[in-house]
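*Asks:* Quick one: the structure is below, questions incoming.
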Amino acid sequence: MLIRILLLGSGGREHALLWKLAQSDLVDHIYVCPGNGGTSGEPKASNLDLPASDFPKLVQWAVANEITLVVPGPEQPLVDGVEFYFRKVGIPVFGPSALAARMEGSKAFSKAFMARHSIPTAKFRVFSSSEVDQAVQYVQTCGYKVVLKASGLAAGKGVLIPETIEEAVAGLREIMIANVFGAAGSEVVVEELLIGPEVSVLAFSDGYTIVPLPAAQDHKRIGEGDVGLNTGGMGAYAPAPVATSAILSKIMTESLRPTIDGMRKEGFPFVGLLFTGFMLTESGPKVLEYNVRFGDPETEALMLLLREDVDLAAVLLMYQACAEHRLDSVQVATRPGYAVSVVLASQGYPGSYAKGEKIHVGELPSGVVVFHAGTSKSGEDIVSSGGRVLAVTAHAPTLQQALDTVYAGVDKVTFDGKTYRRDIAHRALTAAAQGTSKGLTYAQAGVSVDNGNSLVEAIKPYVRSTRRPGADGEIGGFGGVFDLKATGYKDPVLVSGTDGVGTKLAVAVELGIHDFVGIDLVAMSVNDLLVQGAEPLYFLDYYGCSVLDVATAGEVVKGIAEGCRQAGCALIGGETAEMPGMYKTGLDLRPPKNTICIDVALLGDYDLAGFAVGAVERHLMLPRADIAPGDILLGLSASGPHSNGFSLIRKIISISGLSYSSPCPWDGGVTLGRALLEPTRIYIKQVLPAVHAGLLKGMSHITGGGFIENIPRVLPKGIGCFIDASAWNLPPIWRFIMKHGGVEPLEMARTFNNGIGLVIVVSGNQVEEAVRSLETAGDARVYKIGEVTLKSGVEMRNLEAWG
């Protein structure tokens, strides 16, 4: 069955889409509403004189005329919900729902979306129109040049790029007080000015599959050399050589894929053409903005790049591609070479300009197509009726040939006041002329040596605070130095341990609380030294990330230093590894104090590892060989989950109906996330005096594996123990985990610490003395929880007490 298409719009983009759609054998007729002076002259096409914003009337007409597919060109109908009106009567629309169209309709919304889904973009703040003073203060104190963007739709002109702070302040007052962009400026996005080449990537999507077209490069400024006022676009070319295959791969994996997946997961899947603007910064591509429709003038060039056998109607049609989630079955191939589009504008654009100027198009060179934009018919003549009048477009094997051809076509078009840029694609030509003389830098690979140096300076005070005999507390050399002789040991044995924090890090990253996991990192290693009777002497850390954020890493090291102070060991060195692409990058949405505005900085996942070394006099090493049945097990209370079992804890939280920002069910004074992040208890200072007094036979650090896996590691072969689960009150966090996860008591005993972080073996006749020493030296509560037995393994008794 042949199809009928209703194409909404009147610009060069719509003429270019019409030109390609009309080549399809599937198409019977295309109605363009309202169209322009060129669209009605295309085969299979006619203009439709109906108000394009009156959706009920358009739907009525479409039903009566058996329209098969609606293709909105501009963004306004999509933002206003045109897709819903036609979907109600069963007519598919190539374009997103109104919910999905918010990605273009509200820059504040789209920037917050990027933050939620860790999509690289510029730092930004959002201000409402009533917050002029706060916005002014921000641009005066933020420390970087800014771009001012009206959050709403402003016909592609709602962006100001001030050169000075004074211009920025004036721009804010124009948008927020003088309302130069109307309602679009009710919110203003103030973002960091990014530096680098800009590219546009247009990609088809059915909500799952993504098919990008070649990257294009637009020319927004009215004047040659990219000077003057911003316009809707004065020309474009594709493919842009600056968008290498490596860059396009990063764009797909770091931006486009997370965008399409994120929209689907949030309940507003994107079906249509997503047009994303990128700045190619030294640290990688960053999203400038989203558009939810074909770009103009990029579309004019891209239509000429599509291979002749690409049936655009089949790609757009619901039953064959996007709306049926079968885009991967449709071919969207491009032909070799380059396409260039040069916009011919009216004199005075983007300001006031004359209309009604008669247009004459002579005989065009082969390979040139003229798409109409701001034109209309006046009798037998075609006259100008808008700022951007025509888009002269050409395709050729090389970029230079395409430019020569397109400008030859420009010369064949005449009208009074014809204005155009003669330097379209100048960036590509300049880069080609310079060749590869400019070498790459480490920063361009995504590694900032300056940030690394800044971190070292920032953490030096924390490191110095951990000084102890044997270590001077200075860092910066190739290796950490520790003087064992200065500690006074007579016959020392060195004990080492290494560990991480596990998926507790994911909670820390989500909440933006990073110092507690630094304490955890130290605790996990030094508590392992303690069970062998060792005093921790020094500690080294490893911090790995894709993008080094000095503030985040500094907070982690601050926590590590606190852990070292609690353990009495020195932080003598570490490694910070910035590895672009190894970890997920993201955004920090923490609001600054005393403001409701969003402040965003590029952060992301990171990983930690720690390495500790301790010493123990040879005769005090644990466990002792005389552990025997009848010995008593003491338990020292834990501070919380410590750093184990978080994979299961996070899973249970995800199905509980709560979030990390919810009030904690067992402690209303804090959030659930904050309660879970309570640092691991460090037992060194509480337990070492009892070790040195010879009161302890052995110890077990209760980490992953709980009682059942950890206690046998300290017992001689052939003997075991029992644990009395009623000997202490199960903390409320574990009752919450049991209830919401349906976790059986025995599974709890083999997975979590259940409130006991350290188990100590003492002789029956030294229990009272050991308890007295432990209670005197520290805050952890001491419980008598079990006994060593002849039966191997761990017997859990009275588990019903946890029910």
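Read-outs throughout are calculated quantities, based only on the coordinates presented, and are distinct from any laboratory measurement. Because the structure is predicted, anything quoted here is derived from the model rather than measured. Ideal geometry is used to build each Cβ from the backbone, glycine not excepted, and the neighbour counts take in all protein chains shown.
*Asks:* Would you list which lysines come within 26 Å of Lys490, measuring only between C-alpha atoms, while excluding same-chain residues fewer than 8 positions from it?
*Replies:* Of all the lysines, those that pass the test against Lys490 - Cα under 26 Å, at least 8 places apart if same chain - are Lys685, Lys697.
*Asks:* Also: What are the principal axis extents of the Cα atoms in the range 123-193, in Å, biggest first?
*Replies:* So the extents along the principal axes, rounded to whole Å, are 29, 23, 20.
*Asks:* Taking a ≥ b ≥ c as the square roots of the Cα gyration tensor eigenvalues, with a/c under 1.5 meaning rounded and otherwise prolate when a/b beats b/c, else oblate, which class fits the range 730-803?
*Replies:* Taking the square roots of the gyration eigenvalues as a ≥ b ≥ c, the range 730-803 is oblate.
*Asks:* Another question, if that's okay. Work out how far the C-alpha atoms of the range 717-771 reach from end to end along every principal axis, then list the three figures in whole Å, largest first.
*Replies:* For the range 717-771, the Cα spread along each principal axis is 42, 27, 16 Å.
*Asks:* Another question, if that's okay. For Cys33, enumerate residues with amide H under 5 Å from its amide H, sequence gap 5+ or separate chain, H modeled in the peptide plane.
*Replies:* Long-range HN contacts for Cys33: Leu7, Leu8, Gly9, Leu48.
*Asks:* Could you work out the longest stretch of the chain that avoids the chymotrypsin sites (Phe, Trp or Tyr not before Pro) located in DSSP loops with at most 14 other Cβ atoms within 10 Å?
*Replies:* Within the chain, the longest run free of exposed chymotrypsin sites (Phe, Trp or Tyr not before Pro) spans 479-665.
*Asks:* A further question follows. Rg to Rh for the range 85-221: what is it, with Cα atoms only and Rh by Kirkwood?
*Replies:* 1.02
*Asks:* Quick one: putting +1 on the C-beta of Lys and Arg, -1 on the C-beta of Asp and Glu, what dipole do you get for the range 443-621 around its Cα centre, in Debye to the nearest 20?
*Replies:* About 400 debye.
*Asks:* Let me ask something additional. Starting from the Cα gyration tensor of the range 668-721, take the square roots of the eigenvalues, sort them a ≥ b ≥ c, and report rounded, prolate or oblate (rounded when a/c is under 1.5, otherwise prolate if a/b is larger than b/c, else oblate).
*Replies:* oblate
*Asks:* I've got another one for you. So which aspartates and glutamates can Lys558 reach, going by Cα to Cα under 17 Å and dropping same-chain residues fewer than 8 places off?
*Replies:* Glu457, Glu474, Asp515, Asp520, Asp541, Asp549, Glu575, Asp607, Glu678
*Asks:* To continue, here is another question. Can you compute the helix-only [θ] at 222 nm over the chain? Use -39500 (n - 2.57) per DSSP H run of at least 4 residues, normalise by all residues, nearest 500 deg cm²/dmol.
*Replies:* One gets -8500 deg cm²/dmol as the mean residue ellipticity at 222 nm.
*Asks:* Count charges around Ala523 for me, please; just the other residues with Cβ under 10 Å from its Cβ, Lys/Arg as +1, Asp/Glu as -1.
*Replies:* -2
*Asks:* Something else now. May I ask what percent, to the nearest 5, of DSSP beta bridges between residues of the chain are antiparallel?
*Replies:* 80 percent
*Asks:* Right, next: Roughly how many debye, to the nearest 20, is the charge dipole of the chain about its Cα centre, given +1 on each Lys and Arg Cβ, -1 on each Asp and Glu Cβ, and no other charges?
*Replies:* Dipole about the Cα centre, nearest 20: 840 debye.
*Asks:* Mind running the shape call on the range 1-143? Use the C-alpha gyration tensor, a ≥ b ≥ c as the square roots of the eigenvalues: rounded below 1.5 for a/c, prolate if a/b tops b/c, oblate otherwise.
*Replies:* prolate
*Asks:* Any of Lys107/Lys460; Lys88/Lys651; Lys286/Lys418; Lys149/Lys265 with alpha carbons more than 32 Å apart? Name them for me.
*Replies:* Long pairs (Cα-Cα over 32 Å): Lys107/Lys460; Lys88/Lys651; Lys286/Lys418.
*Asks:* Quick check on the chain: what does the Kirkwood estimate of hydrodynamic radius come out to from the alpha carbon pairs, in Å?
*Replies:* 30.6 Å is the Kirkwood radius here.
*Asks:* Only bridges whose two residues both fall in the range 669-801 count here: according to DSSP, what percent of them are antiparallel, nearest 5?
*Replies:* Taking every DSSP beta bridge with both residues in the range 669-801, the antiparallel ones total about 60 percent.
*Asks:* Let me ask another. If you add up the charges near Ile737, with Lys and Arg at +1 and Asp and Glu at -1, over every other residue whose beta carbon is less than 14 angstrom from its beta carbon, what do you get?
*Replies:* With Lys, Arg at +1 and Asp, Glu at -1, the neighbours total +3.
*Asks:* Taking K and R as +1 and D and E as -1, what net charge do the other residues with C-beta under 10 Å from the C-beta of Ala101 add up to?
*Replies:* Value of the local net charge: -2.
*Asks:* Based on Cα coordinates alone, diagonalise the gyration tensor for the range 443-621, multiply each eigenvalue by 5, take square roots, and list the semi-axes in whole Å, largest first.
*Replies:* Square roots of five times the eigenvalues give 32, 17, 14 Å.
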